[in-house]
1. Could you state, as a whole-number percent, how many of the C-alpha pairs of the range 113-206 are farther apart than 19 Å?
2. Cα extents of the chain along the three principal axes, largest first, in whole Å?
3. Mind checking which of Tyr16, Gly115, Val273 is farthest towards the positive end of the chain's charge dipole, using Cβ charges of +1 (Lys, Arg) and -1 (Asp, Glu) about the Cα centre?
4. For the range 3-122, with only Lys/Arg (+1) and Asp/Glu (-1) charged at the beta-carbon, what is the dipole magnitude about the Cα centre, in debye rounded to 20?
5. Nearest 10 degrees is fine. How inclined is helix 317-336 to the longest principal axis of the chain, computing both from alpha carbons?
6. Quick one: putting +1 on the C-beta of Lys and Arg, -1 on the C-beta of Asp and Glu, what dipole do you get for the chain around its Cα centre, in Debye to the nearest 20?
7. Can you give the Rg/Rh ratio of the range 339-397, where Rg is from the C-alpha atoms and Rh is the Kirkwood radius?
8. How far is helix 37-47 tilted, in degrees, relative to the longest principal axis of the Cα atoms in the chain, given as a value from 0 to 90 rounded to the nearest 10?
Amino acid sequence: MRNITMLGAGLIGTFYTSTLQGMRNRDKVGVICAVNAEEAQKFATKWGIPRWTTSIEEAINDPKTDLVVVGLPNYLHKDAVLMAAKAGKPVLCTKPLGRTAQEGLEMLEAVEKAGVFAGYLEDLVYTPKTLKALASVKAGALGKILWARSRETHPGPHSDWFWNKKLSGGGAIVDMGCHCIEIARNFIGKEIRPLEVICWADTQVHPIDAEDSAVGLVRYENGAIGQFEVSWTFRGGMDLRDEISGTEGTIWLNHWLRTGFEMFTSVGQGGYVAEKAEGDTGWLFPVGDEVHALGYSHMFEDMLNALDAGKTPMETFYDGYIVNAIVDACYKSALSKKWEPVELAVWRGAEKKETHAKVTDYDSQHQLIKEEKMPDGKTKIILKDKTTGEISQIFKD
C-alpha cells in the first residue's frame, strides 16, 4: 500500500485522485495540497483524504507519505520535484516535465543524484488503444515506422495560468504538443534520436502572448517523421487522433469525440459530459470511464508496479526531458521559420548507424518498386533497371 501526497486539486489532481482511489484500491491519498485553503479542504472532504495543507513543502515532508504525485501548474513542477528529491521520496510528475529542457534536465539530475524513483505521467501513451497499437508495432505488424502523426485539439484549457506564457512556458505546443511528441516517439522508437524540427505556430483567436495553434514535424535519425497538430481554437469538444504508417501497414486511432457512446437530448443530461465538451444538449458523446479511456488507470498501474518491483516505468523523467528538448526546438523553429536542431545535453539512445532502404529484387536485372492489382484483373508491376535506373512497367495476367 502506498500513502500518497497529491500536489494539486485542479482537474488533473481530480483525475489522478479518482484513479488512485478507485474501487477498493489499496493505494490512498493521505495528503492533498492546494494553493487555496478552501479548495484543499473541499477536495479532502470529497475524496475522504485525512489531511490537507496549502504548503507544498509540508505536504511532501509528511512523515506518512511514501510517494509524491505532482499535479501542479507547470511553473511549480521543478520546485516540487526538487523538494521531493531532497526528502528522498519517490515522485511522479505530470506533463510537461519542465517548461524548458533546462528545467527538465535539472529535475532529471536531481532525482538521479538523490537515487529516488521518478515517473513521467504522460497519460496518452497509456490509453488502451495506444498500448495495443504499440504492442502490434513492436511485434513488427507495420514493419519499419515511417511516419507517426498525432493530433490534439480543443477549445482551450480550463485554468487561467495555462494562458500566461510566463507561468506555463508557452501555449498549445507545451500544453498538448508534449503529448503528441511522446506518442510519436513511442511508435518510432525511443532509442531513435530526434534530429531537427520545423514548426508553424500562431495566435489565431485568443488575446494572449502564447500560440493557440501549431503544426510541427520532427525528423528522426532513421528517417522517420513525427508530426503533431495542436490547437486551442478547435470547436466541438476535444479531438484526439493518431495515425501510424509503416512499410508493411497502417494504424488509425480515434480516442475521443466518437467514443462509441452517442446520445441526443433537447433538454440536457443534467451534468458533466466529457472533458472539453462544449455543451450538454443536442448530440453528445459521453465517455463510459473517462480515466480509463485517457490512460490514467494503466499509467498508475505501470508506475506503482514499477516502484514496487524496483524497475523502470514505461515513461521516465528522461523521456520528459527529451520531449522538453523537442518542444524547445519547436519554439525556435516557429520564430526562425526554418529547421532547427534538437539540442540534447544527454542522449541515452542508440548511436547513429548507416541505414539503407529495403530493396526487393524482381529479377537479376530489376528492382521491384510496386505491385498492384488493376480493375481489369491484371497485375501491374513497376520496376527499376539496376544498371540504367530506368523506370518501366509490365502487366501479368
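1. Numbers: 2373 of 4371 pairs.
Value for the range 113-206: 54 percent of Cα pairs lie more than 19 Å apart.
2. Ordered largest first, the chain gives principal extents of 76, 58, 44 Å.
3. The listed residue farthest towards the positive side: Gly115.
4. Values: 13 positive and 13 negative charges, 86 e Å.
Taking the Cα centre of the range 3-122 as origin, the dipole is about 420 debye.
5. Between the helix axis and the principal axis of the chain, the angle is about 70 degrees.
6. Details: 45 positive and 54 negative charges, 113 e Å.
Computed about the Cα centre, the dipole is about 540 debye.
7. On the way: Rg = 19.3 Å, Rh = 15.0 Å.
Rounded to two decimals, Rg/Rh equals 1.29.
8. 70 degrees
Bear in mind these aren't lab numbers, they're just calculated from the coordinates by the rules spelled out. Note that the coordinates shown come from a computational prediction; the quantities given were computed from them, not determined experimentally. Reconstructed Cβ throughout: ideal geometry from the backbone, glycine too, with neighbour counts over all protein chains shown.
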